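Asker: Have a look at this one.
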Number of protein chains: 2
Amino acid sequence: MPLPQTEIPGRLQMQLAERGIRMTGPRRAILSVIETATKHLDASQILRKARTVDASVDRSTVYRTLDLLKRQGMIDELDLMHLNGERHYYERKTGHDHIHMACLRCGKITEFVSKTFESLKKQLEGECRFHILVARLEVGGYCSACRR
Amino acid sequence: MPLPQTEIPGRLQMQLAERGIRMTGPRRAILSVIETATKHLDASQILRKARTVDASVDRSTVYRTLDLLKRQGMIDELDLMHLNGERHYYERKTGHDHIHMACLRCGKITEFVSKTFESLKKQLEGECRFHILVARLEVGGYCSACRR
DNA sequence: AATCGTTATGCGACTAAGTCGCAATAAGAA
DNA sequence: TTCTTATTGCGACTTAGTCGCATAACGATT
């Protein structure tokens, strides 16, 4: 998981404030969970963790907040190749998109930043005249340790 | 949707036979639906269509068959950026992977084959020593007609 | 500080996707 | 035809996510 050390805690809160979006207790709890996460979390994990901060947080508030953050382009939604069922995972959007590689044997998730990926997106924007808002590249296979 | 004219109907059946996998009525119905599809179908659409061929086909058989085909690397599973809820879509795997671009305004799905995408996969295989079995690149944004 | 329009929340009931165990059935090799 | 093994339909279940609604809380304004 990307957790750049340069990242200011409370950044998501600030970004929402800048956009004139109301801040609330449950929202703060959920944002802090996402900001301090060290691995990819799904909605129910986010709910559980948020409740340790604010016990009243409800499941639907988690979903609504995730929708808000997605719409604002502040988080990305991942499947991680459905390694563990159908749930979705979330992570903060950083400046540079990265590729997720999921090992189908050991379950390890590897992230990878690639210039080629950036060129590919430019190619799509140009050749297809498509305006990209989200790009998600997920790969499933065997990691270096698990391939033989 | 890719429906190459060179494609032999019954190809999936043959591939399964080659691998010594048992052929059954329901399975045949489901395969034919997938083979003759002209757009991306989800599990319940596949079920509905398969039932016009063999009325007894059950939902769980559809899911089990889709799992089988996924495991055999004969179909790909797509989200299409969750344009219409959480369902998954399926398509036959062809020789060349392609990118799916989903327009978030009009819902159009555009497919794109790219050399750069192939290089990117090679890069992952090489630099990360990752053995790729599935690669899924989905893009959400605005298509040429909907961007302004 | 008190007011007030608007937005967000918790609750609970609901939908829809997908899973699973099991007894019955059908494939296909012998 | 027989027999083993894989597959099926059924039905009950789980789990992710949605929605309407009455209540609560934000935060701008006075």
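Asker: Defining the label point at 7 Å along Cα→Cβ, can you sort the distances from B:S144 to the same site in each other copy, shortest first, in nm?
Answerer: Here the equivalent label points are 4.1 nm apart from this one.
Asker: Taking N as the number of residues in the protein assembly as shown, what is its Cα Rg relative to 2.2 N^0.38 Å?
Answerer: 1.09
Asker: In Å², and per residue, what accessible area does chain A have when probed at 1.4 Å with the other protein chains present?
Answerer: So chain A comes to 53 Å² accessible per residue, rounded to a whole number.
Asker: Placing the label point 7 Å from Cα along the Cα-to-Cβ direction, what are the distances from A:R129 to the equivalent spots in the other copies, shortest first, in nm to one decimal?
Answerer: Its label point is 4.7 nm from the equivalent points in the other copies.
Asker: Something else: Would you tally the net charge around A:S144, using a Cβ to Cβ cut-off of less than 12 Å, leaving A:S144 out, and scoring K and R as +1, D and E as -1?
Answerer: With Lys, Arg at +1 and Asp, Glu at -1, the neighbours total +3.
Asker: Further question on the same structure: In whole angstrom, and with the biggest value first, how far do the Cα coordinates of chain A range along each principal axis?
Answerer: 47, 38, 29
Asker: Between beta-carbons, use under 12 Å as the cut-off and find the net charge around B:L124, counting Lys and Arg +1, Asp and Glu -1.
Answerer: -2
Asker: Find every distance from the label point of B:K39 to the corresponding label point in the other copies (7 Å from Cα along Cα→Cβ) and write them in nm, one decimal, shortest first.
Answerer: Here B:K39 shows inter-copy label distances of 4.0 nm.
Asker: Would you tell me which residue of chain B has the beta carbon closest to the rotation axis bringing chain B onto chain A, and how many whole Å away it is?
Answerer: Closest Cβ on chain B to the axis mapping it onto A, in Å: B:L137, 2.
Asker: Here is a further query. Go ahead and set up a Gaussian network model of chain B, Cα springs under 10 Å, then flag whichever of B:S44, B:S56, B:S32 fluctuates most.
Answerer: Top of the fluctuation ranking is B:S56.
Asker: Using a Gaussian network model on chain B with a 10 Å cutoff between Cα atoms, which of B:M23, B:M81, B:M101 fluctuates the most?
Answerer: Greatest mean-square fluctuation among the candidates belongs to B:M23.
Asker: Report, as an integer, the average count of C-beta atoms from other chains found within 10 Å of each Cβ along B:113-126.
Answerer: Average neighbour count from other chains, rounded to a whole number: 4.
Asker: Through the Karplus equation 6.51 cos²θ - 1.76 cosθ + 1.60, θ set to phi - 60°, convert the phi angles of the stretch A:41-57 into ³J(HN,Hα) values in whole Hz; use x for Gly and Pro.
Answerer: 10, 9, 4, 6, 5, 4, 4, 4, 5, 5, 5, 6, 8, 9, 5, 8, 4
Asker: With only Lys, Arg, Asp and Glu charged, each at its Cβ (+1 for the first two, -1 for the last two), find how big the charge dipole of the stretch A:1-94 is about the Cα centre; round to the nearest 20 debye.
Answerer: The dipole magnitude comes to about 300 debye.
Asker: Using only the alpha carbons, work out the radius of gyration and Dmax of the stretch A:96-148 in angstrom.
Answerer: Rg and Dmax of the stretch A:96-148, Cα atoms, are 13.7, 42 Å.
Asker: Would you compute, from DSSP H runs of 4+ residues alone, the mean residue ellipticity of chain A at 222 nm, taking -39500 (n - 2.57) per run and dividing by the full residue count, rounded to the nearest 500?
Answerer: Computed mean residue ellipticity for chain A: -12000 deg cm²/dmol.
Asker: What percentage of the solvent-accessible surface of the stretch B:11-148, computed with a 1.4 Å probe over protein heavy atoms, is contributed by carbon and sulfur atoms?
Answerer: 48
The values are calculated or read from the model by the stated rules, or taken from the named source; none is laboratory data. These numbers were taken from a predicted model, which means no experiment stands behind them. Ideal geometry is used to build each Cβ from the backbone, glycine not excepted, and the neighbour counts take in all protein chains shown. For the accessible areas, the whole protein counts, side chains as well, though only heavy atoms, and no ligand, DNA or RNA atoms are used. Shrake-Rupley method; radii C 1.70, N 1.55, O 1.52, S 1.80 Å.
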